[in-house]
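Everything below concerns the one structure shown next.
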Amino acid sequence: MIISKEEFTELVNHKASNYITVYMPVHNAGVEVNEKHDLITFKNILQKAKQQLEEKGLDQAAIEKVLKGGFELLNNESFWKNQTKGLAVYLSENGTKVIKLPVPVKEELIVNTSFLLTPLLPLMKKRKLFYLLLLSKHDSQLYEGDAFGLKKIEVEGLPRGMDDVIRYEEKGGKQLMRRAGASAGAPSAQGASFHGHGTGLADDDEYLEQYLREVDQTLWTEILSTLQVPLIVAAVDYVLAAFKQTTHYKYLWSDHLTGNFEYEDKNALYEKVKAKMEPYFKEDTKKALLNFYNNSTNGLTSSIPSDVIPAAYYGQVSDLFVQKDEHIWGTFDEAGNQLVIHDTQQQNDECLINKSIIKTIMNGGDVHILAKEKMPADSKIAGFYRYGAVL
């Protein structure tokens, strides 16, 4: 699932007096669903939101209007039985927006002057596709993947194991291979797939080579010939080695999954594949960080919040780096260029990291969320500028 810039902009431009943002991890199966754990968690979050609105001085009628959409969700049992991994709920007196997230998120409640949108950023990145080939002597399956999951792809003509490519007949010094299921009495029948490959397939190694050659050719013809995306293979050692010798695809991922995965749970398999593909997903951020450090002495970068935050507001930031799950509380008067930062959240404060992210995205920049140890200069926020240092 990808969040479009239009959806993001809709949340940014939402007009209201009171904004409630809720993020929480949810479950799609198991005891947590049966015992309504997520519903109970959300109910408790709404009660905390109600308390914070009361502390702001809202009367009961105003509070009920803000939280109306949330309490309607509590009464929707089918909603809680059909979740993914994460949930985002945006509430105000002017409407409710619910987004089911394909990734777990940290539980968070923010009552503020705008919606907290930082956790949506991973879903706004350009979708980076890869393919997974689950390969064994007994089967071959292709999956399309991204940073959020795997989807099986049905490939026409892809052999389903060595037994699907069997000896048909020998003629004129050549042995022909027939896909299982083709008409044995009609070598030239429409739909039969033949592969000439010389005499004397003496052992399983040569049958394996022929099988893998057909897998490679079918994938190339049906899917890969027009693509330049990584293909990662999951197979036992000798099948993997043979396929690497056979394939002509240039974008074979170097870090493969070694082992027998025919009966692997697909969610567990995805987690293993995702770990292997992590460098691929982080390529853009790695390049942006390298660019930041290469320009750290020429006035095009800063890791000082009082510099970076105004620069983000004024559209000067090309790449913004922010620490995951962190806030900087305060206010910024854009017209007067007056920034106030507080150590802890004060009344009428807003998260300046969230605002800097919004401004950067709306002005066409990129945002990179990093772990604390990856942040430049041990700061919560840093930026690479489009031009010169901010004065």
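The values are calculated or read from the model by the stated rules, or taken from the named source; none is laboratory data. Remember, it's a predicted structure, so these values are computed and weren't measured experimentally. Neighbour counts run over all protein chains shown; Cβ positions are idealised from the backbone, glycine included.
Within the stretch 295-319, residues that are farther than 20 Å from Asn337 by Cβ and touching a residue at least 60 places away in the same chain (Cβ under 8 Å) sit with their Cβ atoms under 7 Å from residues that are of a type in the set (Lys, Arg) and surrounded by fewer than 16 Cβ atoms within 10 Å (Cβ to Cβ), at 6+ positions apart or across chains, in these pairs: Ser318/Arg386.
Among the residues in the stretch 309-330, are any aromatic (Phe, Trp, Tyr), surrounded by 13 or more Cβ atoms within 10 Å (Cβ to Cβ), assigned by TED's automatic domain parsing to the domain that holds Asp378 and touching a Gly at 6+ places or on another chain (Cβ under 8 Å)? Yes, some residue in the stretch 309-330 is aromatic (Phe, Trp, Tyr), surrounded by 13 or more Cβ atoms within 10 Å (Cβ to Cβ), assigned by TED's automatic domain parsing to the domain that holds Asp378 and touching a Gly at 6+ places or on another chain (Cβ under 8 Å). A count restricted to the stretch 208-265 and to residues that are among the β-branched types (Val, Ile, Thr) and assigned to a helix (DSSP H, G or I) stands at 6. Listed by first and then second residue, the pairs with beta-carbon distance under 7 Å, at least 6 apart or on different chains, first residue in the stretch 321-344 and within 17 Å of Asp307 (Cβ to Cβ) and free of Cβ contacts under 8 Å to residues at least 12 places away in the same chain, second of a type outside the set (D, E, K, R) and buried (at least 20 other Cβ atoms within 10 Å of the Cβ), are Val340/Gly330. What's the number of the condition Ile361 fails, among (1) among the β-branched types (Val, Ile, Thr); (2) farther than 24 Å from Phe281 by Cα; (3) assigned to a helix (DSSP H, G or I); (4) in contact with a Phe, Trp or Tyr (Cβ under 8 Å, 6 or more places away or on another chain)? Among (1) among the β-branched types (Val, Ile, Thr); (2) farther than 24 Å from Phe281 by Cα; (3) assigned to a helix (DSSP H, G or I); (4) in contact with a Phe, Trp or Tyr (Cβ under 8 Å, 6 or more places away or on another chain), Ile361 violates only (2). Scanning the stretch 331-380 for residues that are in contact with a Gly (Cβ under 6 Å, 6 or more places away or on another chain) and not polar (S, T, N, Q), we see that the one that is nearest to Val111 (Cα to Cα) is Asp349.
What number of residues in the stretch 228-281 are among the aromatic types (Phe, Trp, Tyr), free of Cβ contacts under 8 Å to residues at least 40 places away in the same chain and surrounded by 14 or more Cβ atoms within 10 Å (Cβ to Cβ)? Before the answer, list the steps.
Kept after step one, since they are among the aromatic types (Phe, Trp, Tyr), are these residues of the stretch 228-281: 238, 243, 249, 251, 253, 261, 263, 270, 280-281.
Narrowing the set further to residues that are free of Cβ contacts under 8 Å to residues at least 40 places away in the same chain leaves 238, 249, 251, 263.
After this cut, where a residue has to be surrounded by 14 or more Cβ atoms within 10 Å (Cβ to Cβ) as well, the list is 249.
Qualifying residue count, the stretch 228-281: 1.
Among the residues of the stretch 11-47 satisfying the criterion of being charged (D, E, K, R) and exposed (fewer than 13 other Cβ atoms within 10 Å of the Cβ), which is nearest to Gln347 (Cα to Cα)?
Step one: list which residues in the stretch 11-47 are charged (D, E, K, R), which gives 15, 32, 35-36, 38, 43.
Within this subset, residues satisfying the condition of being exposed (fewer than 13 other Cβ atoms within 10 Å of the Cβ) are 15, 35.
Details: Lys15: 19, Glu35: 37 Å.
Taking the candidates together, the pick is Lys15.
Could you tell me whether Gln141 is loosely packed, with under 12 Cβ neighbours inside 10 Å, under 25 Å from the mean Cα position of the chain (by Cα) and modelled with pLDDT of 90 or more? Answer is no for this residue.
Kindly establish whether Thr118 is of a type in the set (Ser, Thr, Tyr), over 30 Å from Tyr251 (Cβ atoms) and surrounded by 19 or more Cβ atoms within 10 Å (Cβ to Cβ). Yes; evaluated as a whole, the condition is true for this residue. Scanning the stretch 108-138 for residues that are in a loop (DSSP other than H, G, I, E, B) and within 11 Å of the chain's Cα centre (by Cα) yields Met124, Lys125, Lys126, Arg127, Lys128, Leu129. Selection of the stretch 72-95 for residues being over 27 Å from the mean Cα position of the chain (by Cα), surrounded by 14 or more Cβ atoms within 10 Å (Cβ to Cβ) and not charged (D, E, K, R) yields Leu74, Ser92. When Asp265 is tested against the conditions (1) assigned by TED's automatic domain parsing to the domain that holds Asn348; (2) at pLDDT below 95, the lone failure is (1).
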